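Here's the structure, in structure tokens; my notes come after.
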Amino acid sequence: MPQDSLLSVVPRDAQQQAARLVQEAFAAAFRLSVEASAEQRQPALQKLSGHLLAWSNMATREEGVARRALLLTGLDQWGLAFSQAFGPGGLDGLSELVGLLRDGIDISEEAACQRWFEEVQSQEDTAFDFKVLLRRELHLALWHAMVASEEREEADVVLRHLGGMMLALVEQMPQHGWRLIADALASIQMRCLSQGIALEGIGQEATQTLFASLAAALPEAERERIMQQSSEAVRAWQAARRGPQH
């Protein structure tokens with residue numbers, strides 16, 4: 001498993017909490033962009049940024065700086081993924097939220113925050129637990145949008161982007177990117193089985209195409225590891241749901 005240099009600063013549970021906060025903050029900012037005017041969303045975004053900064057400041061100064069870097073990294077990735085998949089519409093609130101977060105960073109801590117931001121982006125081991133959960137929820141959000149499409153053409157647009165994002169992980173994270181892909185595929189299968197999603201129609205077709213396209217495009221070594229690990233994860237999840245066998 002990766003040797004995460006950030007674990008000594010931001011523990012695993014805090015990294016995972018950061019990923020969840022990013023998901024919630026992005027959803028809130030996106031909803032405000034669509035449903036509220038600029039004047040209406042400003043106080044809501046102020047409150048949201050205050051909540052995120054307060055969470056960062058609940059830790060030591062060193063950890064707080066790293067926590068803010070995780071939040072900014074995650075919001076950047078969610079924003080980039082959605083703008084590429086659906087266009088820039090609905091992201092005004094996110095841009096304003098990121099600006100508020102950056103404005104809330106003390107000038108004496110800005111350089112350290114930027115260093116962590118760059119290290120998380122460039123070093124695949126750094127913040128690995130954060131990256132796994134962040135990508136899982138991001139991939140699931142795009143997959144949900146794909147299977148909810150009313151037209152196959154709409155689903156195909158998201159499918160191509162989602163598949164491309166997953167394949168890019170092999171190049172972006174040559175040592176451990178396959179783990180994030182396996183986690184995403186297992187999570188999709190678990191969601192299908194537990195919630196009865198994508199069992200027919202466009203959702204089923206698009207999901208089957210996604211899996212088949214990835215299997216065809218992935219290098220053989222990564223494909224075997226990904227399919228094996230995702231299958232094992234789903235089997236373990238099913239066994240846990242069944243409970244002890246007597």
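Here are the numbers for the structure shown:
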read-out: Conditions (1) under 21 Å from Trp78 (Cβ atoms); (2) among the β-branched types (Val, Ile, Thr); (3) in contact with a Phe, Trp or Tyr (Cβ under 7 Å, 6 or more places away or on another chain); number of the one not met by Val132; value: (3)
read-out: Val157 being touching a Pro at 6+ places or on another chain (Cβ under 8 Å) and in a helix (DSSP H, G or I); value: no
read-out: Residue pairs meeting the criteria (Cβ under 9 Å; at least 6 apart or on separate chains; first at negative phi and open to solvent by less than 10 Å² (accessible area, probe 1.4 Å), in the range 124-144; second assigned to a helix (DSSP H, G or I) and acidic (Asp, Glu)); value: Thr126/Glu119; His139/Asp183
read-out: Filter result (surrounded by 17 or more Cβ atoms within 10 Å (Cβ to Cβ) and touching a residue at least 40 places away in the same chain (Cβ under 8 Å)) within the range 43-58; value: Leu45, Leu48, Ser49, Leu52, Leu53
read-out: Lone unmet requirement of (1) open to solvent by 10 Å² or more (accessible area, probe 1.4 Å); (2) of a type in the set (A, V, I, L, M, F, W, C); (3) farther than 30 Å from Arg160 by Cβ for Phe117; value: (3)
read-out: Test: residue in the range 73-95 that is in a helix (DSSP H, G or I), open to solvent by 10 Å² or more (accessible area, probe 1.4 Å) and farther than 25 Å from Met146 by Cα; value: no
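Conditions (1) in contact with a Ser or Thr (Cβ under 6 Å, 6 or more places away or on another chain); (2) of a type in the set (Gly, Ala, Ser), marked per residue:
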| position | (1), (2) |
| --- | --- |
| Arg12 | no, no |
| Ala28 | no, yes |
| Arg41 | no, no |
| Leu52 | no, no |
| Arg68 | yes, no |
| Leu75 | no, no |
| Leu80 | no, no |
| Ile105 | no, no |
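The values are calculated or read from the model by the stated rules, or taken from the named source; none is laboratory data. Predicted model, so just to flag it, every value in this text is computed and none were measured. Methodologically, a virtual Cβ is constructed for each residue, glycine included, from the backbone with ideal geometry; neighbour enumeration extends over all protein chains shown. Just so you know, the surface numbers come from the protein's heavy atoms only, side chains and all, with ligands and any DNA or RNA stripped out. Shrake-Rupley method; radii C 1.70, N 1.55, O 1.52, S 1.80 Å.
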